[in-house]
Structures are given as structure tokens and as C-alpha cells.
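Structure, as C-alpha cells:
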Amino acid sequence: MLSDIDSIRQDIEQFSSSDYNEIERFRIKFLGKNGLLPKLFEEFRLIPSEEKKIYGQKLNTLKILATDKYQLLKNQYENKASIVSSFDPSLPSTPLKLGTRHPISLVRKEIIDIFAKIGFTISEGPEIEDDWHNFSGLNFAKDHPARDMQDTFFIQTNPEILLRTHTSSVQVRVMESEKPPIRKIFPGRVFRNEVISARAHCIFHQVEGLYIDRGVSFADLKQTLLFFAKEMFGEKTRIRLRPSFFPFTEPSAEMDVSCSICNGNGCNVCKYTGFVEILGCGMVDPNVLEFSGINSKNYTGFAFGMGIERTAMIKYQVNDLRLYFENDIRFLKQFTSIL
């Protein structure tokens, strides 16, 4: 009997299966009414009394081993079956919270799309510039205030290298490398040594435009900007042009749009005037054309530049420019529905 017990124990220990029918055959073979273990218990009655203790312990251990093995395999099968049966591939997946584009990115794309409608394409340039492309090539005099350290971030070891103060530097690069007609916009990030406030920041974004061809006039500039303002802020938007000065345009102007935050009634953003300045513009100075190898007698052009943050403030009625840089999720999540 001892050899039979050892043989059966080995068979039980070696058995493993995830098939329900095989597990059930295991139960019948070892634990069923006519199984091997019940037969051993019947033979146990014939064992001499002085040996019953040894055989009885081995039989009980064998029965526990078989019962535990059967229960373990059965539970594993049932758990696997319940997982499979509970999966419904037709059910919708767990929703994931998606992010959104930053409002500056949204406005940048909208500006690009508006000017694309009238034939403007995109060019970009480096954020670390040299003096020629940022200043000299744009007709800035050597003693112009914009060159002062209070406005521009210069590289300490090389004062000829700086962080660009406007994307006009890309205009120079385009005029140097391309021949008219030129009709382009230049979006990008710029840097100025400004005091951070609700209306200003030391880092901001611009989109500048340049159109050079034969016979380009100030009237073309005005109609282009009026088209942009109505597309961006609505058909009822009004604009006004005020005389100004820029070294690279002559004549020059500042353009204001009617304030959508207060509807022209006056607020801190429009300084209670009903209008908000959004860009500077003008006819390209002949010197700038000549510096880049374009004959100013044959070609004329206009240029303009706007701050994306200021445009976004008006469009989304945000009264503090600093909100765009704070990464406050409570502010940013308001733009999810705009995607």
C-alpha cells in the first residue's frame, strides 16, 4: 500500500491543467466514488491495528493533497472564465481627459489661416540674431534707443549677438534670399527687457507681414489690415490708423481696433479710450529695400507687426497678459471647446 500511496502522490503533484474537462477527470480519478483514494480507504480496514496509525496519516495527507490540488485548479479556471465572460468589446472605453492647445497657439494659427486666404505664406528665422538682421538691415541708426540695454537682451561676451526684439529680422533674411514679389508672414517668439505687467512681458510672440511688388500702396496696406481685423474680431470691428514712426517704414502708423472687452465703453485694457492698439505698420523704407538688394525704384512694399498676446486678449476678452504664462489649468481648460 505504501508504494501505491507514493505513486498516487507523485501523479497528483505533477498534474496541472487549465481545461475544465481534464480537471473534472482528475477529480473523478482520485476523489470520485470509485476513485483511487476511496479504494485505498477501503483497503485500510484490512491493515493490522499496529500499522493503522502510519497508513492513516499518509492516507489523510494524500486526500488533503488531492482535494487542495483540485480546488486550486478549479478556482483558477473559474476566475479566468469570469474575466473573459465579463469583457464586452462593444462597450465604450474609459474616457481619457485630453489636453488643449494654448490660447496663444490657437490665435497664432488663426492669424496664419486668415492671411493664407489672401496669399501670404510663412517664413521663420532664428531667435538668437545678429545686429545686422535685427537692427542695421532695418535702418536702425547706431544711436537708436532700441539698441539700449534697457530694451534689448544682448549677449554679454559679444554685443553683436542678441535675442531678437522682433520678427522683422526674418524680413531682412527673406529679402536677402528671395526676389519680389514677396508676400509672407513671420510668426515667432521675441524678447525685450520689459517690466512685466498686465499689458507687457519680457517674452512674447509676434506675427509680422511683408508684401513687396510693383505698385504696392498704402491703400493696399489699409485694406489688408481691415480684412484681417474683421476676420479675427468680427464684421462690426472698427480700425483706426494713427501716424507713428518706425525706422524701417515710411510713412508709418499704429493700428487700433475697437475694444471688444468693454465694447468701446472704456476699461483698463484700452485705457478707457474704446480702442486697443494691436499692431504697427507702414510702407517699407526705400533704404531697407536697397540694403537687401531690392531696387526701390521698381518695387514698393508694406510691412506690419502685431503681438499675438495682445490679439488674444481682445479676442478672448482676457484683461491680464500674465495669465498666458502662468500655466494655470483653471485658465487653460476654458479653451478646450475651441479646438
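Structure notes:
- In the stretch 1-26, the residues that are among the charged types (D, E, K, R), surrounded by 13 or more Cβ atoms within 10 Å (Cβ to Cβ) and under 60 Å from the mean Cα position of the chain (by Cα): E22, E24, R25
- Of the residues making up the stretch 258-307, those that are without any contact (Cβ under 8 Å) to a residue 40 or more places away in the chain and out of contact with any strand residue (DSSP E or B) (no Cβ under 7 Å at 6 or more places or on another chain) are C262, N263, N265, G266, K271, Y272, T273, P286, E290, N295, S296, K297.
- Options A146, A198; residue that is at pLDDT below 95, within 19 Å of V107 (Cα to Cα) and surrounded by fewer than 19 Cβ atoms within 10 Å (Cβ to Cβ): A198
- Checking each residue in the stretch 115-170 for being among the aromatic types (F, W, Y) and closer than 16 Å to F191 by Cα picks out F135, F153, F154.
- Among residues of the stretch 6-65, those that are under 30 Å from N79 (Cβ atoms) and assigned to a helix (DSSP H, G or I), counted: 28
- Matching entry among E160, E129, E124, E178 (being under 33 Å from the mean Cα position of the chain (by Cα), surrounded by fewer than 20 Cβ atoms within 10 Å (Cβ to Cβ) and under 18 Å from F291 (Cβ atoms)): E178
The rows are residues; the columns are (1) in contact with a His (Cβ under 8 Å, 6 or more places away or on another chain); (2) outside any strand (DSSP E or B).
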site	(1), (2)
F140	no, yes
P159	no, no
P180	no, yes
E194	yes, yes
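Yes/no matrix, rows are residues, columns are (1) among the acidic types (D, E); (2) within 23 Å of G215 (Cβ to Cβ); (3) in contact with a helix residue (DSSP H, G or I) (Cβ under 8 Å, 6 or more places away or on another chain):
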residue	(1), (2), (3)
T152	no, no, yes
L162	no, no, yes
Q171	no, yes, yes
M175	no, yes, yes
E178	yes, yes, no
R183	no, yes, no
V195	no, no, no
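- Annotation note: Cβ proximity below 8 Å between a residue of the stretch 220-245 that is without any contact (Cβ under 8 Å) to a residue 12 or more places away in the chain and over 12 Å from S258 (Cα atoms) and a residue that is buried (at least 16 other Cβ atoms within 10 Å of the Cβ) and of a type in the set (A, V, I, L, M, F, W, C) (sequence gap 6+ or interchain) occurs for P243/A253.
- Residue match in the stretch 295-311 (condition: of a type in the set (S, T, Y), farther than 26 Å from V107 by Cα and surrounded by 18 or more Cβ atoms within 10 Å (Cβ to Cβ)): yes
- Counting only helices (runs of 4 or more DSSP H) that fall entirely inside the stretch 264-339 and contain at least 1 residues that are in contact with a Cys (Cβ under 9 Å, 6 or more places away or on another chain) and closer than 25 Å to Q223 by Cα, the qualifying elements are 308-316.
- For the stretch 201-232, the tally of residues that are assigned to a strand (DSSP E or B), among the acidic types (D, E) and surrounded by fewer than 19 Cβ atoms within 10 Å (Cβ to Cβ) stands at 1.
The values are calculated or read from the model by the stated rules, or taken from the named source; none is laboratory data. Computed from a prediction, not measured in an experiment: that's the story for all the values here. Heads up, the Cβs are rebuilt from the backbone with ideal geometry, glycines too, and the neighbour counts pull from every protein chain shown.
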